[in-house]
Amino acid sequence: MNLKELNYIVTIADEGSISRAAEKLYMAQSSLSQFLQLYEAELGAPLFMRTSRGVRPTASGSVFLNHARQILLQYHRAQSELWDIEELSGGRIELGISTFRGTYLLPPVLKRFRDRYPRIHVEITEKDSMYLEEMILDGFLDMALLALPSPRLHKQLDFLTRDEIYLVTVSEHPVMEFVHREEDGTRWVDLKDIARFECILGPPRTILGSMIRKAFEDLHLEPLAQNTNITAPFAAAMAREGIALSFTYHSCMVKAPGVEYLSVGRKGLFLDLSLAYPAGEYRSKATMALAKMFHEIYQEASIRP
């Protein structure tokens with residue numbers, strides 16, 4: 001057993017497919033399949049169940065994977081401590097961020113970070129905030145950018161900035177008849193008026209989907225919901241075409257002619273963004289350098305026009 005083999009097994013599990021894992025590992029699918037067969041034979045137990053859609057861990061495989069992840073994590077942390085001695089001349093960071101938010105917030109941070117620390121590699125895991133919270137609690141990430149609230153994370157949180165949730169619509173949508181305009185230029189619409197029209201709420205397990213649902217529930221409103229299981233980027237794209245109303249974050253706005261972004265309620269609907277770390281774990285100089293980069297770009301300014 002070596003670290004390369006453990007990485008193969010973990011990659012297969014993460015991808016849920018031998019073909020996708022082989023592509024990510026730059027291997028031939030046949031070579032990876034043969035490796036897995038020999039490895040399982042050596043262990044004397046199957047690690048994965050083959051299905052029509054790919055593979056998933058067996059009960060024995062889940063136990064093995066948990067240990068494999070911990071071994072790889074400890075190895076990366078040992079590397080980080082050694083690289084720290086070289087004063088950030090190398091290193092690796094396991095960073096978690098949501099696909100939606102990461103598309104807009106992460107590239108400028110990574111560009112500046114790479115310019116400053118070209119030999120530090122940032123490995124990115126894209127999941128929703130709730131899943132990333134689990135990975136932080138399990139110690140599989142060095143750092144994650146999470147949307148709050150997060151009742152299970154406390155001292156591990158490092159506040160970054162605030163983000164606002166906007167209603168997405170088009171100029172000709174009838175909801176525009178209900179828009180209020182403040183002297184400072186803020187434009188907002190009441191949830192009771194939004195509830196008159198078809199809305200794309202998104203999956204309830206996501207932060208965005210759960211916050212919008214709670215806002216309606218707090219006012220005892222039942223919106224005309226549709227397409228409740230599509231992703232936030234897809235929902236926003238549909239709203240930009242005038243198909244229905246949807247919601248997005250200010251950090252994820254895509255400006256286009258005829259597209260309107262409106263605050264939800266007079267006071268707006270906000271959430272905090274924080275950097276999260278595993279509790280009581282060693283934090284490498286590389287990780288803290290990346291955290292500092294996030295703060296340089298986003299701290300002390302709510303993400304709002």
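The values are calculated or read from the model by the stated rules, or taken from the named source; none is laboratory data. What you are looking at is a predicted structure, and each value in this text was computed from that prediction instead of being measured. We place every Cβ from the backbone using ideal geometry, glycine too, and count neighbours over all the protein chains shown. Accessible surface is based on the protein model in full, side chains and every heavy atom, while ligands, DNA and RNA are left aside. Shrake-Rupley method; radii C 1.70, N 1.55, O 1.52, S 1.80 Å.
Worth a mention:
- Taking the Cα centre of the chain as origin and assigning +1 to Lys and Arg Cβ atoms and -1 to Asp and Glu Cβ atoms, the resulting dipole is close to 300 debye.
- Considering only segment 1-126, percent of DSSP beta bridges that pair antiparallel, nearest 5: 35
- Qualifying GluC sites (Glu not before Pro) for segment 1-97 [loop in DSSP, other Cβ within 10 Å: at most 14]: 86, 87
- Remark on residue 17: its backbone amide H falls under 5 Å from those of 55, a criterion applied only to residues 5 or more positions apart or on other chains, H modelled at 1.01 Å from N.
- Beta bridges per DSSP with both ends in the chain, % antiparallel, nearest 5: 60
- Per residue accessible area in Å² of the chain, where ligands, DNA and RNA are left out and the probe is 1.4 Å: 52
- When a 1.4 Å probe is rolled over the protein heavy atoms, the share of accessible surface on segment 132-252 that falls to carbon and sulfur comes to 52 percent.
- Of 210, 289, 262, farthest towards positive along the dipole that unit charges on Lys, Arg, Asp, Glu beta carbons give the chain: 289
- Correct option for Rg and Dmax of the Cα atoms in Å [calculated from the coordinates] among (1) 22.3, 72; (2) 19.3, 62; (3) 18.2, 55: (1)
- Dipole of segment 1-100, positive end: most advanced residue of 72, 19, 3 [Cβ charges, Cα centre]: 19
- Here each label is just a point 7 Å from Cα along the line to Cβ, and for residue 292 and residue 60 those points are 4.9 nm apart.
- Amide H within-cut-off set for residue 244, under 5 Å, with H built and near neighbours excluded: 239
- Links that overshoot a 18 Å alpha carbon limit, given the list 111/155; 111/255; 111/292; 214/267: 111/155; 111/255
- On Cα atoms only, tilt of 59-85 relative to the major axis of the chain in degrees: 90
- Beta bridge orientation in segment 150-301: antiparallel %, DSSP, nearest 5: 75
- Percent accessible area from carbon and sulfur atoms, segment 1-51, protein chains only, probe 1.4 Å: 50
- Whole-Hz ³J(HN,Hα) from phi, Karplus 6.51 cos²θ - 1.76 cosθ + 1.60, for segment 270-275, glycine and proline x: 10, 9, 8, 10, 9, 8
- Simple Cβ-charge dipole of segment 1-135, Lys/Arg +1 and Asp/Glu -1, about Cα centre, in debye nearest 20: 380
- Cβ crowding within 10 Å averaged over residues, with 216-222, 105-111 ranked highest first: 105-111, 216-222
- Dipole check for segment 91-207: with +1 at the C-beta of Lys and Arg, -1 at the C-beta of Asp and Glu, and the Cα centre as origin, the magnitude is about 540 Debye.
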